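The values are calculated or read from the model by the stated rules, or taken from the named source; none is laboratory data. Please read all numbers here as calculations on a predicted model, not as lab measurements. Cβ sites come from the backbone with ideal geometry, for glycine too, and all protein chains shown count toward neighbours.
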Amino acid sequence: MSADWRSWKRNLYIRPVDGFADTPNPWTASDPSVVNDARHVGTNEQWDISLAYTGFKNWRLAGGIINRWDKTPPFSATNLLNNQYSSEGFAEIYSPAAGSSTSEATYTFK
């Protein structure tokens, strides 16, 4: 969702993720009857916000917050026990950038 007002631009990104079977075999996760004793990872949503200002000639100043509410994603035993994943204990579909901020200053030569 975004909104513009004069030289300001605001964005809100809400990324919902549905729950899933905690298994390293993605082809079985879509059919719960095939997954024996698989743990279920719960749902989660992450809110990112950003703000940009373009009121100065040739300049764009922007900043934002990733995972605004600093919400910890649900635990994944598969990612904790299997060293082939990059974020141990959390599914790869979640951002590890909890509560981090971004900033940007862009000058355009014309």
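Some notes on this structure:
- Cβ pairs under 9 Å, 6+ apart, first in region 4-25 and within 21 Å of residue 57 (Cβ to Cβ), second among the hydrophobic types (A, V, I, L, M, F, W, C): 7/52; 7/56; 8/51; 8/52; 9/3; 9/51; 9/52; 9/62
- Scanning region 71-110 for residues that are basic (Lys, Arg) and at pLDDT 75 or above yields a total of 1.
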